[in-house]
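The values are calculated or read from the model by the stated rules, or taken from the named source; none is laboratory data. Note that this is a predicted model, so its numbers are computed, not measured. Every residue, glycine among them, receives a Cβ derived from its backbone with ideal geometry; neighbour counts consider all protein chains shown. The accessibility values were calculated without ligands, DNA or RNA, using every heavy atom of the protein model including side chains. Shrake-Rupley method; radii C 1.70, N 1.55, O 1.52, S 1.80 Å.
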Amino acid sequence: DALDATTEATIETAIDTLAGLTSIGTVGDTLNILSDRLRITSPTLFYPILDLFSTHESNGGPTFVMRNQRTNPGGTILEGAVNDFCGTIQFQGYNDAASGVEVVEIARIDAQIADKVEATVAGKLNLRVAEYDGTVTSGLLLDGDTNANGEIDVTIGAGAASVTTVAGTLTMGSTAAMTNAGLLSVANQSNITGVGTISSGVWNGTA
């Protein structure tokens, strides 16, 4: 039987456990949950797992969407701003603080608005990791704000002492440029203006 609004609200407020619940919602509907935090906890090794299954007979897969929707008190959606965070995935762990273990951030993936102008909208994706003193620092940055179509700038590493290791052959464009032994792969090196002291080798050609 239909319940009056007051009774229904009272019942909903009183529910804090739904043991045995296996299904919520209906195909084609949108399930809205209003809450500051949704927590899934499991004592089982390598659990909990969040599964997104697409059962449609096609090549399309599930989509995980995060959106930063600026909204004023009147409910009007506002335009975004440069450097707005559209979504963040954070990885946490515990340290060995003398006063007791503390929650620390180990790594983070975040996406930001790099350019909000409609005709030149661009984003940037940052992969960050805690380094030495615990500061979460960018190690890989993909920046689409290049002022040119079809281009993305990539920054790898942090600081001049950082080491970037490439396992295998380094390819520039479509040409193999350097082997994993650090040797140049291409034979013809044009416009070389200096090579230091050549200690050995064979010179073919006119001096």
**Report entry** Amide H within-cut-off set for Met178, under 5 Å, with H built and near neighbours excluded
**Finding:** Leu170, Ser185
Query raised in the report: How do Tyr47, Tyr132 rank by accessible surface area computed with a 1.4 Å probe, from largest to smallest?
Result: Tyr132, Tyr47
Report task. Pop the C-beta distance of Asn204 and Val166 into the FRET formula with R0 = 41 Å and round what comes out to the nearest 0.05. Result -> 0.85
**Report entry** the chain: angle of helix 5-14 to the longest principal axis, Cα-based, in degrees nearest 10
**Finding:** 60
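Summing +1 for each Lys or Arg and -1 for each Asp or Glu, what net charge is found among the other residues whose Cβ lies under 11 Å from the Cβ of Asn126?
Numbers: positive: Arg108, Lys124, Arg128; negative: Asp110, Asp143.
Its environment carries a net charge of +1.
Let me check something: with ligands and nucleic acids excluded, how do Leu45, Leu140 order by accessible area (1.4 Å probe), largest to smallest?
Working: Leu45 130, Leu140 60 Å².
Most to least solvent-accessible, the answer reads Leu45, Leu140.
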Query raised in the report: Can you work out ³J(HN,Hα) from phi for every residue in segment 167-183, in order, using Karplus 6.51 cos²θ - 1.76 cosθ + 1.60 and θ = phi - 60°, giving whole Hz and x for Gly and Pro?
Result: 8, x, 8, 8, 10, 10, x, 10, 10, 5, 9, 8, 7, 6, 9, x, 9
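Starting from the eigenvalues of the Cα gyration tensor, five times each then square-rooted, give me the equivalent ellipsoid semi-axes of segment 79-207, largest first, whole Å. Intermediate results must be reported in sequence, preceding the final value.
Details: eigenvalues 330, 131, 25 Å².
Square roots of five times the eigenvalues give 41, 26, 11 Å.
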Report task. For segment 65-135, build the convex hull from the C-alpha positions and give me its volume per residue in Å³. Result -> 131
Report task. State, as an integer percentage, the relative contact order of segment 88-207 based on alpha-carbon contacts under 8 Å between residues 6 or more apart. Result -> 12
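Beyond 14 Å, what share of the Cα-Cα pairs of segment 116-155 is found? Please give it as a whole percent.
Numbers: 411 of 780 pairs.
Of all Cα-Cα distances in segment 116-155, 53 percent exceed 14 Å.
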Requested in this report: Using a 1.4 Å probe and ignoring any ligands, DNA or RNA, find the accessible area of Ile40 and quote it in Å² to the nearest 10.
Outcome: 110
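Where does the charge balance sit around Ala107 when Lys and Arg score +1, Asp and Glu -1, over other residues with C-beta under 13 Å from its C-beta? Could you put the intermediate results ahead of the total?
Working: positive: Arg108, Arg128; negative: Glu105, Asp110, Glu131.
After counting each charged neighbour, the total is -1.
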Report summary line: Taking the chain and counting helices only, DSSP H stretches of n ≥ 4 at -39,500 (n - 2.57) each over all residues, the nearest-500 ellipticity at 222 nm comes to -1500 deg cm²/dmol
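With the radius of gyration and the Kirkwood radius both derived from the Cα set of segment 1-154, what is their ratio Rg to Rh?
Numbers: Rg = 21.4 Å, Rh = 20.7 Å.
Reported Rg/Rh, Kirkwood definition of Rh: 1.04.
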Requested in this report: Report Phe64's accessible area, 1.4 Å probe, all protein chains in place, as a number in Å² to the nearest 10.
Outcome: 130
Requested in this report: Rounded to whole Hz and in sequence order, give me ³J(HN,Hα) for segment 42-54 from the Karplus expression 6.51 cos²θ - 1.76 cosθ + 1.60, θ = phi - 60°, writing x for Gly and Pro.
Outcome: 8, x, 8, 4, 6, 10, x, 10, 9, 9, 10, 10, 10
Query raised in the report: What does the accessible area of Ile192 come to, in Å² to the nearest 10, when a probe of 1.4 Å is used?
Result: 100
Query raised in the report: What ³J(HN,Hα) values, in whole Hz, does the Karplus curve 6.51 cos²θ - 1.76 cosθ + 1.60 give for segment 23-39 when θ = phi - 60°, with x put for Gly and Pro?
Result: 8, 9, x, 9, 4, x, 8, 10, 8, 9, 10, 9, 6, 7, 8, 10, 10
Report summary line: Full extension between Asn188 and Val121 adds, at 0.36 nm per residue less the Cα distance, a length in nm of 20.1 nm
